[in-house]
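Encoded as structure tokens, the structure appears first; notes follow it.
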Amino acid sequence: MPHSLKTLIASVSVSLLLTTGITQAQDKDTVEIKIPENSVLSDGVIDKKEMARYLVIANKQLAYLAEQATEEYQERIQPEETPMPSGWMLMKDGVTVKELKLDESAEGAPANIRIVMFRAALKSIARRGQINAAAILYAGQMSEENPQKVLVMEHEHRLGISGNKFVPYKVEGEKIQYSQSVTKDKPFQMFYDKKADAPEISG
């Protein structure tokens with residue numbers, strides 16, 4: 001694995017741990033987790049210690065999904081052109097990563113429309129409980145005024161993690177150099193309709 005990709009994945013792992021708010025249980029108290037009835041996790045009450053363990057697993061799964069998806073997606077990045085968006089899924093076994101392919105209706109669609117189509121397709125799969133995590137990757141210019149190239153990762157996990165990761169990069173020959181990434185919260189769009197529907201620790 002190229003050093004630049006290892007650096008990116010390490011950054012993803014640390015950033016995900018920081019943005020969830022929980023990395024491990026701080027005490028042995030049992031605190032109920034509020035799980036809405038329509039949640040993909042509505043299979044009982046989970047205590048705080050168990051939820052903390054699940055969130056650590058969720059972070060590892062998201063980092064693993066990011067590594068697998070980015071490794072394949074970066075091969076499509078060329079200095080003179082921007083690759084089309086792609087969608088990725090981590091299946092229920094926590095190991096299998098699959099790329100989601102759009103049907104012929106996406107043929108000729110611009111990048112922004114494809115992103116919307118990927119969100120809709122991943123939402124349909126996620127709501128049926130078939131996957132643990134989902135990601136959409138796309139690349140482009142930071143803005144009209146700023147020519148900096150950036151790789152964007154929209155990621156969600158069924159345990160209630162949702163964020164956008166922005167990774168500046170530059171292409172030098174056949175190598176891609178990544179810079180420090182920034183992660184921001186984003187609305188739930190795949191596993192849940194809103195934050196209130198996601199698993200939440202109370203107390």
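Points to keep in mind about this one:
- Residues of the range 182-203 satisfying the condition of being out of contact with any Asp or Glu (no Cβ under 6 Å at 6 or more places or on another chain), in contact (Cβ under 8 Å) with a residue 60 or more places away in the chain, of a type in the set (A, V, I, L, M, F, W, C) and in a loop (DSSP other than H, G, I, E, B): A198
- Inside the range 23-72, residues that are touching a strand residue (DSSP E or B) at 6+ places or on another chain (Cβ under 7 Å), at pLDDT below 50 and in a loop (DSSP other than H, G, I, E, B) make up a count of 1.
- Qualifying residue in the range 167-182 (condition: within 26 Å of E50 (Cβ to Cβ) and touching a strand residue (DSSP E or B) at 6+ places or on another chain (Cβ under 7 Å)): no
- Subset of the range 123-154 that is without any contact (Cβ under 8 Å) to a residue 12 or more places away in the chain and among the charged types (D, E, K, R) - its residue that is surrounded by the most Cβ atoms within 10 Å (Cβ to Cβ): R128
- For V97, the conditions (1) more than 30 Å from P147 (Cβ to Cβ); (2) surrounded by fewer than 15 Cβ atoms within 10 Å (Cβ to Cβ) all hold with the exception of (2).
- When the range 155-181 is limited to residues that are among the aliphatic types (A, V, I, L, M) and either free of Cβ contacts under 8 Å to residues at least 40 places away in the same chain or touching a helix residue (DSSP H, G or I) at 6+ places or on another chain (Cβ under 8 Å) (or both), the one that is farthest from Q61 (Cα to Cα) turns out to be I176.
- Among (1) at pLDDT below 90; (2) within 12 Å of the chain's Cα centre (by Cα); (3) over 30 Å from K49 (Cβ atoms); (4) not charged (D, E, K, R), the one test that G160 misses: (3)
- Total residues in the range 73-103, condition part of a strand (DSSP E or B), charged (D, E, K, R) and touching a residue at least 12 places away in the same chain (Cβ under 8 Å): 1
The values are calculated or read from the model by the stated rules, or taken from the named source; none is laboratory data. Since this is a predicted model, take the numbers as computed values, not measurements. Neighbour counts run over all protein chains shown; Cβ positions are idealised from the backbone, glycine included.
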